[in-house]
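No lab work stands behind these numbers, since they all come straight from the coordinates. Source: prediction; values computed, not measured. A quick note on method: Cβ atoms are made from the backbone with ideal geometry, for glycine too, and the neighbour counts reach across all protein chains shown.
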């Protein structure tokens with residue numbers, strides 16, 4: 001089982017990990033939310049240092065986004081741009097998947113990346129102003145859980161295979177059960193009952209994403225997993241920053 005964690009870290013981050021990879025790469029899915037928590041914890045540390053210690057919330061937001069992109073080597077942002085380019089660049093599944101394989105980034109992809117980075121920066125800056133550090137890791141945890149959900153519930157969309165093929169084809173219900181239990185526990189430890197509410201909200205988004213991907217692409221690919229990760233992180237960070245005042249949690 002520890003090899004699954006090693007594979008998850010190597011898949012989702014640039015952080016060096018000693019040891020051997022899992023024999024079945026899909027076993028890394030068990031640990032996706034935990035890796036998300038580690039990434040979110042690193043982002044939180046940076047946002048806290050700049051936002052609280054140095055009293056620079058705008059810098060904290062920008063630095064938090066930078067660290068998130070750096071530690072994941074821009075993997076999910078690449079999936080975001082490829083997916084948006086493919087979806088808006090063609091009307092058929094086959095052509096969309098073909099566009100997504102192109103290494104060039106189109107105008108749609110550039111706009112998507114810019115908007116997502118701006119929204120994340122604004123949300124993290126606001127959370128730094130509020131001093132609500134425990135909320136920051138939650139979107140990173142739940143975004144990786146949705147990757148597991150999509151891998152388990154959707155077929156692999158490409159006939160010719162791809163980097164994420166083994167993850168998707170080997171994924172089973174046990175991967176989602178363990179990952180979702182872990183994600184729920186982590187969120188509960190951080191924000192108590194609010195974690196359950198965000199868990200349910202994210203699950204609904206994940207279900208809708210799965211239906212859209214099935215219709216638009218015929219399944220899921222590595223790019224679509226990355227797209228889902230960026231979308232969930234962006235939506236949740238922005239939503240949390242918006243609702244904190246309503247909950248009366250500002251410092």
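Cα gyration tensor of the chain, axes a ≥ b ≥ c as square roots of the eigenvalues: rounded (a/c below 1.5), prolate (a/b > b/c) or oblate?
prolate
Taking the mean number of other Cβ atoms within 10 Å as a proxy for protection, how do you rank 190-202, 53-65 from highest to lowest?
Result, highest mean Cβ count within 10 Å first: 53-65, 190-202.
Whole angstrom only: what separates the Cα centroid of region 78-134 from the Cα centroid of region 157-190?
Taking the Cα centre of region 157-190 as reference, the centre of region 78-134 is 21 Å away.
Tell me whether region 8-93 comes out rounded, prolate or oblate; compute the Cα gyration tensor, take square roots of the eigenvalues as a ≥ b ≥ c, and use a/c under 1.5 as the rounded threshold.
Judged from the Cα gyration tensor, region 8-93 comes out oblate (a/c at least 1.5, b/c at or above a/b).
In what sequence do 246, 187 fall when counting other Cβ within 10 Å, fewest first?
246, 187
Does region 119-245 classify as rounded, prolate or oblate by the C-alpha gyration tensor (a ≥ b ≥ c root eigenvalues; a/c under 1.5 gives rounded; else a/b over b/c gives prolate, otherwise oblate)?
Prolate, because a/c is 1.5 or more and a/b exceeds b/c.
If you average over every viewing direction, what projected area does the convex hull of the Cα atoms of region 148-188 give, in nm²?
3.0 nm²
I need 153, 72 ordered by Cβ neighbour count within 10 Å, fewest first.
153, 72
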